[in-house]
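Please treat every number below as a calculation from the coordinates, not as lab data. Keep in mind it's a predicted model, so treat the numbers as computed, not measured. Backbone-built Cβ (ideal geometry, glycine too); neighbour counts: all protein chains shown.
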Amino acid sequence: MTIYHKQHHLNTVVLYCNMLISGKFVFSVLHITVLSITVAISLCYGVPDSWICSPSTDNHVIQLRLETNSWLNALENQVKQLQKLIQEEKYKKFTTIEGFPRDCEEIYANGTQIDGIYAVSPDGRCPFFVYCDMTNGGWTVIQRRVDGSTSFYRKWNEYVTGFGELDDSHWLGLERIHRLTNDGSQIFFDIENYDGSKDFAHYKVFTVHGASTTYTMNVDPFGYKGTISELLSYHNNFKFSTYDRDNDGHSGNCCKDSLDGGGWWYSSCYRLGNVNGVYGKQETGGIGYWTTKNIPIKNITIKVKRMDGVC
Ligand SMILES: [Ca+2]
């Protein structure tokens, strides 16, 4: 083995130790992987043939490769375990709530104005992740439909806790929506139609009450602005319903009987809207709202922000 190789490996070991000391365990393990490969290559190409890699010892090389692969697999598993531990440690950290921003608006006001996923704690209790629309000034997204990757045909418990991917289609969850809107909130619907045109609906007063009220929703149409008719107040003061829990104002079960199973604050049954309906379906049951007929929606984002004048 040449002096260069020895010095290189010594430097690598020192670097690894420094990384280990500084707590970069995952990167250290990855570095061990690279080191193992380097040693293996050095053994094959950096030493005299008579040692290991002579033509007569091909079987040894094959054996060495097999062992190296085995080591790499073991290391890969260790990396995965470490990543899991780090993830768990992140969540553990969230049991301490101090220092978490209240919502996306507060993050935006403090100078972070890039769309993305952030941890918030609206009420000083355990934090949770949300997607922040910073492009439009710090709105907290509570629902998003941008493709059919996530089914919204879900049971009550899932609508309470939330589902989907925050940076993709998702429902944030009734408990979190309640915590975000309990002190008074605006709500904004970004609507994209099938012909590519856009619409919006903006309410200045929106609240979802807690579990003891079955997540009853209140909305005030005063000051409504939008490019579609004012429709959400049709759902004012209704409890939330899912296909397995009928709290709607209909003699039947809106979600189960006619709307393909998406949850909402249905009355009898919807105006704005069936936004948790089936993605891509343009008939009743698909994502849409009702004027004198069902108006299909291709994509939609629903987001909330504290009421004007509320600190
Ligand atoms: Ca009913």
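Count the DSSP beta bridges whose two residues both fall in the range 104-306, then state the antiparallel fraction as a percent rounded to the nearest 5.
95 percent
Can you flag which of Lys225/Lys293; Lys80/Lys305; Lys80/Lys239; Lys204/Lys293 are past 31 Å Cα-Cα?
Lys80/Lys305; Lys80/Lys239
Full-extension gain between Glu165 and Asn136, please, as 0.36 nm times their residue separation minus the C-alpha to C-alpha distance. Mind showing how you got there, number by number?
Values: separation 29, 0.36 × 29 = 10.44 nm, distance 2.08 nm.
Fully extending the segment from Glu165 to Asn136 adds 8.4 nm.
Stokes-Einstein diffusion coefficient for the range 104-306 at 10 °C in a medium of 1.306 mPa s, Rh from the Kirkwood formula over Cα pairs: what value in µm²/s?
The calculation lands on 95 µm²/s.
Where in the range 151-168 is the amide nitrogen less than 18 Å from a point lying 7 Å along the Cα-to-Cβ axis of Cys126?
The answer is 157-164, whose backbone nitrogens lie closer than 18 Å to the label point.
What residues qualify as long-range amide H neighbours of Ile295, i.e. H under 5 Å apart, gap of 5 or more or another chain, H built at 1.01 Å from N?
Tyr289, Trp290
Could you work out the local net charge near Gly280, counting Lys and Arg as +1, Asp and Glu as -1, over the other residues with Cβ closer than 9 Å to its Cβ?
+1
Pull out the extension gain between Asp244 and Ile117, defined as 0.36 nm times the separation in residues minus the alpha carbon to alpha carbon distance; nm, one decimal.
Working: separation 127, 0.36 × 127 = 45.72 nm, distance 3.07 nm.
Here the segment from Asp244 to Ile117 would lengthen by 42.7 nm.
Would you please give the FRET efficiency between Ser251 and Asp220, computed as 1/(1 + (r/R0)^6) with r the Cβ-Cβ distance and R0 = 22 Å, to the nearest 0.05?
0.20
Based on the alpha-carbon gyration tensor of the range 128-241 and its eigenvalue square roots a ≥ b ≥ c, which shape applies: rounded if a/c is under 1.5, prolate if not and a/b is larger than b/c, or oblate?
rounded
Quick one: order Lys303, Lys293 by neighbouring beta-carbon count within 10 Å, fewest to most.
Values: Lys303 25, Lys293 8.
Sorted ascending by nearby Cβ count, the order is Lys293, Lys303.
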